[in-house]
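The structure under discussion appears below in the form of structure tokens.
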Amino acid sequence: MSIDGILGGWESRVEPWQPGTKPRPGLLQSWHASRAPFVRVVGVEVLRISDAIAPDALAVLRERGIPTGPILINVPRGCIEVLVPLGSSEAWPPLPRTRCVPTALMRCPAPDITRDSGRWREGRTWAPPPGAGPETTSAAALAEIVPEAQRRAEIRRLVADGPTGRARRRHPREGQQS
């Protein structure tokens, strides 16, 4: 099926962008104007991991020394978007808080808009950016680490909730001396 059969309307007219290749003039112009335009990502697929487990997923990737391709921190969507190889969506297991999509529209900041630089565009920043390493992250490695990230996130939630099952809130007068 062609991309036009999947996307319709304005989405079908969005400029394509393939990480690792020279961007088209329109995309470069948007980046130079400090915008994060919508792009149709091609040549890769996108794995979206919910903010609920994203910090833990990134920590496990680092701990295990798994090389990562570009990862977009996307605050408005409430996720990170990890670029994975073509065909990953067909094999992606049904893991909660994740979704692997074969065609993706993304607001794409310039590669120099990174978490390390402290800069953001349209609520997004790269960590790491395109061109800083491999073009994609292994979907198989991600499928292995996501359950561990989910366990860690659940443990953090349980610790925060305490023994009553609810997050402990301090009484406004707690800690004050009479």
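Couple of notes before you dig in:
- A cut-off of 5 Å between modelled amide H atoms, ignoring neighbours fewer than 5 places along the same chain, links Trp17 with Arg40, Val41, Val42.
- Arg24 paired with Asp51, simple spin-label distance in nm, labels 7 Å along Cα-to-beta-carbon: 3.2 nm
- Positive-end extreme of charge dipole, the range 7-93 - chosen from Gly26, Gly69, Val39 (charges on Cβ): Gly26
- Between Arg115 and Phe38, the C-beta separation translates, for a Förster distance of 25 Å, into a calculated FRET efficiency of about 0.75.
- Portion, in percent, of the accessible area of the range 78-165 that falls on carbon or sulfur, probe 1.4 Å: 55 percent
- Charge tally in the Cβ shell below 10 Å around Pro16, where Lys, Arg are +1 and Asp, Glu are -1, Pro16 excluded: +1
- Per residue accessible area in Å² of the range 18-76, where ligands, DNA and RNA are left out and the probe is 1.4 Å: 46 Å²
- Cα centroid of the range 28-104 to Cα centroid of the range 130-157, whole Å: 10 Å
- You can think of it this way: the chain between Ala127 and Glu15 has 38.0 nm of extra reach, that is 0.36 nm per residue less the Cα-Cα gap.
- Pairs of Cα atoms nearer than 8 Å and 6+ residues apart set the relative contact order; for the range 20-111 it is 44 percent.
The values are calculated or read from the model by the stated rules, or taken from the named source; none is laboratory data. In this text the structure is predicted, and so the values were computed from the model without any measurement. Counting neighbours? That spans all protein chains shown, and the Cβs are built from the backbone with ideal geometry, glycine included. Accessible surface areas use protein heavy atoms only, side chains included; no ligands, DNA or RNA. Shrake-Rupley method; radii C 1.70, N 1.55, O 1.52, S 1.80 Å.
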